[in-house]
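Asker: Sending over a structure as structure tokens; questions will come in a sec.
No lab work stands behind these numbers, since they all come straight from the coordinates. Bear in mind the structure is a predicted one, so any value in this text is a computation, not a measurement. In this analysis, Cβ positions are derived from the backbone assuming ideal geometry, glycine residues included, and neighbour counts consider all displayed protein chains.
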């Protein structure tokens, strides 16, 4: 089975259900409420096909993306070229990276906080501290495990320009002591009759809510701002009965 990240276009179609302008609206509302610095530059970690690039550039932000996949970076670079907008696209591991210049706002989407263990989590925030200006925000989407950690999954189907894709996601705890789970994304593609199945199987360190609060409070370089349910700043996680795409914001001191 071939790797999902070698097919950026199919990946883009598979996750095209997202409302990108609405997501950037939420970014800007968070910046308005919580950032202590003006925001002109942004960093997306695990940027993939850079889905927010066009919207952010259209609103006047300078975009930097970091990812391990060269095909994804090449796809994003071509996208920037077609759009005629500047973009910095870097190959690197979010667990340990460095930028040439600090940014004003950073974010990571769809639970893509890919660190293998506790040391990787510490290293990630060490790297982020060097990349983010003091007063700037770090916006995390679906990166904190608000459920019990039991096996889960979901499926959906999408069609675009004659390409039909069935997407399946499953997760399974593989190391309860190390808090490691495995997430498997599988795309069953029908591209005008061409059949292809591509997948990604990635293990990552699970981070739980109270653990995360303690982790941030013990760091001298970040402070906890808040967490909310379903990208809604009027719905704090406390008291929620069901969870959908919880977001967490921390700020660089």
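Asker: Packing-wise, with mean Cβ within 10 Å as the measure, how do 102-110, 44-52, 229-237 rank, highest first? Intermediate values should be presented prior to the final figure.
Answerer: On the way: 102-110: 21.2, 44-52: 23.4, 229-237: 15.0.
Descending packing order for the listed peptides: 44-52, 102-110, 229-237.
Asker: Would you calculate a helix-derived [θ] at 222 nm for the chain, using -39,500 (n - 2.57) for each DSSP H run of n ≥ 4 and dividing by the full residue count, to the nearest 500? Can you show the working numbers first?
Answerer: Details: 6 runs with 65 residues, N = 253.
Rounded to the nearest 500, it is -7500 deg cm²/dmol.
Asker: Hey, another quick one. Here are a few candidate values for semi-axes √(5λ) of the Cα gyration tensor in Å: (1) 37, 21, 18; (2) 27, 23, 18; (3) 27, 20, 18. Which one was actually calculated from the structure I just gave you?
Answerer: Identified label for the calculated read-out: (2).
Asker: Out of all DSSP beta bridges with both ends in the chain, state the antiparallel percent to the nearest 5. Could you put the intermediate results ahead of the total?
Answerer: Details: 46 of 67 bridges.
The antiparallel fraction comes to roughly 70 percent.
Asker: In terms of the Cα gyration tensor, with a ≥ b ≥ c the square roots of its eigenvalues, is segment 152-205 rounded because a/c is under 1.5, prolate because a/b exceeds b/c, or oblate? Numbers along the way, then the final one.
Answerer: On the way: a/c = 4.66, a/b = 3.01, b/c = 1.55.
It comes out prolate by the Cα gyration axes.
Asker: Restricting the count to DSSP beta bridges whose residues both fall in segment 17-135, what percent are antiparallel, rounded to a multiple of 5?
Answerer: Details: 1 of 16 bridges.
The antiparallel fraction comes to roughly 5 percent.
Asker: If you don't mind, another one. Could you tell me the largest-minus-smallest coordinate of the C-alpha atoms of segment 12-86 on each of the three principal axes, in descending order and whole angstroms?
Answerer: Largest to smallest, the principal-axis extents are 36, 26, 23 Å.
Asker: With a ≥ b ≥ c the root eigenvalues of the C-alpha gyration tensor of segment 194-247, is it rounded (a/c under 1.5), prolate (a/b larger than b/c) or oblate? Walk me through the numbers on the way to the answer.
Answerer: Values: a/c = 2.87, a/b = 1.55, b/c = 1.85.
Taking the square roots of the gyration eigenvalues as a ≥ b ≥ c, segment 194-247 is oblate.
Asker: First check a/c for segment 9-151, with a ≥ b ≥ c the square roots of the eigenvalues of its C-alpha gyration tensor; if it is under 1.5, answer rounded, and if not, answer prolate when a/b is larger than b/c or oblate otherwise.
Answerer: Working: a/c = 1.26, a/b = 1.12, b/c = 1.13.
Rounded.
Asker: So, one more: How high is the relative contact order of segment 24-71, in percent, counting Cα pairs under 8 Å that sit 6 or more residues apart? If you can, show how the numbers build up before the last one.
Answerer: Details: 42 pairs, mean separation 19.3, N = 48.
Over segment 24-71, the number comes to 40 percent.
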